[in-house]
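Inspection log for the structure reproduced underneath, given as structure tokens.
The values are calculated or read from the model by the stated rules, or taken from the named source; none is laboratory data. In this text, all values refer to a predicted model and were calculated from it rather than measured experimentally. A quick note on method: Cβ atoms are made from the backbone with ideal geometry, for glycine too, and the neighbour counts reach across all protein chains shown. SASA here: full protein model, heavy atoms, side chains in, ligands and nucleic acids out. Shrake-Rupley method; radii C 1.70, N 1.55, O 1.52, S 1.80 Å.
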Amino acid sequence: MVDLDSEVPPLPPRYRFRDLLLGDQGWQNDDRVQVEFYVNENTFKERLKLFFIKNQRSSLRIRLFNFSLKLLSCMLYIVRVLLDNSNKNKGTWSSIIWVERSLPLWGLQVTVALISLLETILLSYLSYKGNIWEQILRIPFILEIINTVPFIITIFWPPLRDLFVPVFLNCWLAKHALENMINDLHRAIQRTQSAMFNQVLILISTLLCLIFTCICGIQHLERAGNNLTLFDSLYFCIVTFSTVGFGDVTPQIWQSKLLVVIMICVALVVLPIQFEQLAYLWMERQKSGGNYSRHRAQTEKHVVLCVSSLKIDLLMDFLNEFYAHPRLQDYYVVILCPTEMDVQVRRVLQIPMWSQRVIYLQGSALKDQDLLRAKMDDAEACFILSSRCEVDRTAADHQTILRAWAVKDFAPNCPLYVQILKPENKFHVKFADHVVCEEEFKYAMLALNCICPATSTLITLLVHTSRGQEGQQSPEQWQKMYGRCSGNEVYHIKMEESLFFAEYERKSFTYASFHAHKKFGVCLIGVKREDNKNILLNPGPRYIMSSTDTCFYIHVTKEENSAFKQHEQLEKLRKYKSSYHGPSRLPVHSIIASMGTVAIDLQDASCHSTSGANLTLPSEVSKEGRRPSIAPVLELADNANIQPCDLLSDQSEDETNPSDDECSDAKEYTKGYPPNSPYIGSSPTFCHLLPEKVPFCCLRLDKGCQHNYYEDAKAYGFKNKVIIVAAETAGNGLYNFIVPLRAYYRPKKELNPIILLLDNPPDMHFLDAICWFPMVYYMVGCIDNLDDLLKCGVTFAANMVVVDKESTMSAEEDYMADAKTIVNVQTLFRLFSSLSIITELTHPANMRFMQFRAKDCYSLALSKLEKKERERGSNLAFMFRLPFAAGRVFSISMLDTLLYQSFVKDYMISITRLLLGLDTTPGSGFLCSMKITEDDLWIRTYGRLYQKLCSSSGDIPIGVYKTESQKLTTSESQISISVEEWEDTKEIKETSSNRNNHRNSTSSDQSDHPLLRRKSMQWARRLSRKVPRHSNKTAERISQQRMTLCRRSERQELAELVKNRMKHLGLSTAGYDEMNDHQNTLSYILINPSPDTRLELNDVVYLIRPDPLSYVPANASSRKSSFCNTTGQDSRDDTQL
């Protein structure tokens, strides 16, 4: 057997401990040769050069020694002056040329001079580059020769030992050595941002050298004159350089006077140059922002905000939202931006409130030195925001991704809050702690706006920090209620630590939610188990609360900041409420932070249990008897009273006897997960799908194909009104608009056709993703073109969603980016006054131009209210604008606060995604709405509705969307003139019937009466002549009547234009004739109103409905696995009271 040890080669000598002790002696008998490579560093000169010049640390030591040597020579000169007796040769030239120098002092000066000369010659030799005169004629070399060579000569010629040598000129050499030493110091410690420090040091050292040279020169020359001391010379120089000039000490001989003139000239030339350079560096430092010191970073808390360009709106939104939380008041905000600070931002950061908290650094997140300046590794968090105003949004996302990678590489432990624009780029930053994709949220919110009105306003108010004080000074009741309820936000608390929810342990979720709202005015919307990271919104009545659960609730303030009133105070409050007799509702006193128990009068309500999940009007109640009863909310769910909602079986009460058409339509749909997703990272959602994908040619609405010959939306004969989305391109984010509208919990009979009106044709990948959804079409066109709008069915559309175009998001003037969108929507508003238009804007400030009426006094009053709220420091000053309150305008920048709030509430993004349907968690509910009809008015109050929903279907209401008529005074309203009261007696019979028709129909044909507009204006002028001049109110009324006539006539002209185009396209005008004007209504949201809030007809209640799949029995699992092949009827998801 072969010896394995003999086959193993020995270790090299450097790895053996014996050779490590004895040296590499084994290499002497080895045939291998060690080769060392040099790059001209093996010569003696190169080694000296490496030690004295190239090596940073050794060069720093040499320069420090040189600096100390020069200072020592200056100190020896001062000692020599103090020991000198100048009275011997006073007034003669010999006193200037010769001085007294003791032998020990001479020895020290000679030694210093000899060392300095040798060092200077050596450094000159090492830095010699072929030109000897360049080395000799340098000013430092000349000064060195003047100060050292005379002392060297005195060694060989002793009579010259008392010769005067201007050693004080070594101060300039010390200054030169100090500059070199500081440069080497910065190189050694890798400190690059030191230009300001260097310039200040040079300026101070130059000034000191000038003064020291003048002091020593005047003192020495005046040995032949007044024989001044060093202190007298110092006094004279300070007085002279400060331009004071007392005149008590003056030079006497011409040599000293000449020196003073020379020094003043040098100061006038050198010092301004130094000051100019210092001012320039100071301005540059103000632009770059300097550094955030390591000491401050370790002793103070700070967050870093990384942006491509900092706009004043973005800055103020961030600062107002970030510092709205009390525990963040001591935090500092470090802004890292590659661009220079603009004038508006600079002006804001000079305000003391922000200048002491905000630090602006000009730099890039891709540079480690800039991240070091911002002390990113010590930051509490880093916010990385995208530039949404860029024309190329994909390029903006790429920059954001690189910034996130750079920060993660430099500071792995720093929490990242990233904002991304395109959903397809989201998976690149999945490592971030919190990510908000703008297009995902935007399209999902716009989609829910179509089925749950004003969802965008609801979410915006929830994610904004507010105290609920907005509108409290307004005289209108709706503004007070709307402003008070806008202060509601989402908070969380541990159940065992809560006074709100601790008593509901081991009780059902709906029981806890109802009684917490009844007792404290708190709306419990979700929970999270201790051992589960998923948040469940309204898990339903079968969920049993545990003491370790985290409760999520809506309230005006968190429980920790709440105070509770005693029972006596509540009685007074209840009596005050009972004394109020409002026309439609009671004031919302019970939603304030310091509220107590609010009792709801349910004494007359007998407990009749309602079976099933549907809420119906009790049939046993007589019309003249007591009011209908509401079943109590059970502590534990009763399975007999909860109807299982098995969506997989497709059995529904409202579709037990469907018609033939409904059966044929129902067979076309299945439920399942979309097979194709347009981008990576989209959350799978259970949806209504088609058994087979539609050919791409059939997706085109306005062009027929071999499968159908329809060329407009009217020809399809849709049973429900269409939803039109006007966008520039079919981006991947548009997929998130379709998914919520086709979610499995939407009833099939309520699915609205979706028509995408695109400026550019969609690509194949997008069509492949949407071809599985029922009733989804696209059309290439633009909202500028009336024909395109009519073809896609605008006259019978339920909603028109206008998405902001990427190509117009950037403009030379920032706020002009929305100009085209606003004008186009205003045109739609004038042409189709009853059309519900939902518009996205780039800048929230531009929403005041939506549905603009130049002389509408009510809009002007709202504008004044907005300015007052902004002056009071409100973060939601725009909330009272009617388009925003009604949910008809939205800006994605409003959702920036969602990312900012996540720093304090890390659950906000998850809850918002669940509400919008972007994420689906098993057992978690979804957002929907129900409308109050005449049959539901017996419920009367919001508290009773809360009880009715919790006891029957398990739904949790979170708010009410109210619509009212504008009740304006005569001076504010747009008065509809009755022409019959003012017409001329000669023309009564000719025009009375025509005017009555005009009053009763806004779509009447004006072509039969071409003189109506002109005659109406003549009547108004005739009336204005009869009115006294001093009657201002009457004149104002007549002026408004004129405008009303003009507006009505103009509206008829527009209607005639639309009908002519419809006839030209072969479309029926019947739908357009039925359109009415709803301009005199206002809508607003009440989030978590008080239990005594009155319900009115057509109110829309926002609900969080339990997940229907959570009630599916166990034997349905097999059907769930094969959902794509099942067909049937839809379940009943709507709630009727």
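Overview of values
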quantity	calculated
Descending semi-axes in Å of region 414-497, equivalent ellipsoid built from Cα gyration tensor	31, 20, 12
Efficiency of FRET between L118 and E300 - r from beta-carbon atoms, R0 41 angstrom, step 0.05	0.20
Accessible heavy-atom area order of R161, R742, highest first, probe of 1.4 Å	R161, R742
Shape category assigned to region 475-567 from the gyration tensor of Cα positions, a/c cut at 1.5	prolate
Separation in nanometres of the label points that stand 7 Å from Cα toward Cβ, at L366 and M764	3.4
Signed unit charges on C-beta, dipole axis of region 290-402, positive-most listed residue H295, F322, S386	H295
Diffusion coefficient, µm² s⁻¹, Stokes-Einstein with Kirkwood Rh over alpha-carbon pairs of region 760-863 at 20 °C and 1.002 mPa s	136
K867 - accessible surface, heavy atoms, 1.4 Å probe, Å² rounded to 10	120
Burial ranking of peptide ranges 224-230, 1090-1096 (average Cβ count within 10 Å, highest at the top)	1090-1096, 224-230
Most to least accessible of T912, T1081 (protein chains only, probe 1.4 Å)	T1081, T912
Under 12 Å, Cβ to Cβ, from L699 - net charge with Lys/Arg +1 and Asp/Glu -1	+1
Region 807-893: GluC sites (Glu not before Pro) falling in loop per DSSP and having at most 15 other Cβ within 10 Å	E812, E813
Cα centroid separation, region 121-153 to region 47-61 (Å)	19
Potential lengthening between V269 and S309 on full extension [0.36 nm per residue; Cα-Cα distance subtracted]	10.3 nm
Options W354, A365, T400, ranked by Cα towards positive dipole end of region 339-435, top entry (Cβ charges)	W354
Exposure ranking of R294, R101 by accessible area [1.4 Å probe, largest first]	R294, R101
Accessible area (Å², 1.4 Å probe, nearest 10) - F849	80
Accessible-area value, W172, 1.4 Å probe, nucleic acids and ligands omitted, Å²	70
Whether region 832-965 is rounded, prolate or oblate, judged on the alpha carbon gyration tensor where a/c under 1.5 counts as rounded	oblate
Carbon/sulfur fraction of accessible area - region 746-880, other protein chains in place, 1.4 Å, %	53
Region 491-530, accessible surface, carbon-and-sulfur percent (1.4 angstrom probe)	40
Charge tally in the Cβ shell below 13 Å around C74, where Lys, Arg are +1 and Asp, Glu are -1, C74 excluded	+3
Cα gyration tensor shape for region 721-804, rounded if a/c is under 1.5, else prolate or oblate	oblate
